[in-house]
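Structure, as structure tokens:
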């Protein structure tokens with residue numbers, strides 16, 4: 001016995017076409033706007049990251065140590081020591097979160113070992129500039145995933161990520177030149193390390209968000225030029241309704257899913273499907289009544 005259809009697939013297809021025409025221009029403009037914003041955010045993110053790094057006057061890591069190794073083949077070693085201190089500080093902050101956010105922690109460890117390998121590469125390659133650029137790419141990736149390990153919050157909550165609002169005296173000695181290390185305490189060093197890991201990656205969160213939005217707008221723009229993907233998105237939405245949000249949809253293309261998300265029908269979140277207001281309107285329109 002064939003399964004009864006509760007929703008009109010042809011009506012869903014027609015509504016999707018109408019909504020694509022309505023929202024196509026807005027989505028394209030949004031993608032371009034995020035591209036422009038990305039050009040602004042990228043330099044700001046790097047300025048914030050390296051600005052905070054410049055104040056990383058921590059145990060076994062200061063500007064004197066950098067100068068000591070600057071003219072040697074191990075000129076990147078001080079930054080590897082700094083990463084070790086960050087890992088120790090964050091581990092002592094919470095000894096269990098790295099088990100909860102294991103994926104990010106494993107990535108942080110992987111990128112850290114890559115940085116250690118790059119530290120030794122000057123014995124093989126002589127280009128300090130090239131190695132420095134490559135090193136800090138993986139240095140940033142290490143800090144980024146270490147930050148997500150211990151401060152994995154939604155972007156809209158990022159303004160309140162501090163579990164402890166630091167006062168000036170918590171971070172070291174204040175002077176006319178800014179914050180200086182308190183040589184009689186290690187707690188201020190650890191506070192600065194936690195503050196750096198908390199805040200330095202915020203700009204990169206925006207970069208990831210903007211790139212994601214740009215990619216999605218680009219995929220949507222090309223996907224709607226093909227009837228195949230529009231028809232597939234209609235079949236996918238119809239199947240989702242028939243299965244009451246509980247089906248398996250891995251066989252459907254990314255393009256069809258992005259079309260449905262872009263026109264605000266639904267969203268795929270952590271393996272779950274969430275209907276939006278427009279999607280609920282389509283549910284009511286497409287539902288096949290008994291008296292029809």
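Derivation of every value follows stated rules applied to the coordinates shown; laboratory data play no part. Keep in mind it's a predicted model, so treat the numbers as computed, not measured. Because the Cβ atoms are built from the backbone with ideal geometry, glycine has one as well, and the counts that use them run over all protein chains shown.
Below are the figures for this structure:
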quantity	calculated
Extension gain, residue 28 back to residue 280 (0.36 nm per residue minus Cα-Cα distance, nm)	88.3 nm
Listed peptides 7-17, 28-38, 134-144 by packing density, highest first (mean Cβ within 10 Å)	134-144, 7-17, 28-38
FRET E, pair residue 11, residue 209, Förster distance 41 Å, beta-carbon r, rounded to 0.05	0.75
Cα-Cα separations in the range 192-283 greater than 21 Å, expressed as whole percent	42
Proxy reagent accessibility, fewest Cβ within 10 Å first, across 120, 77, 260, 146	120, 77, 260, 146
R0 of 25 Å, Cβ-Cβ distance residue 250-residue 272: FRET efficiency to nearest 0.05	0.95
Length released on extending from residue 71 to residue 126, taking residue separation times 0.36 nm less the Cα-Cα span	18.6 nm
Sequence of 235, 228, 269, 192 once ranked by neighbouring C-beta atoms within 10 Å, starting from the fewest	269, 228, 235, 192
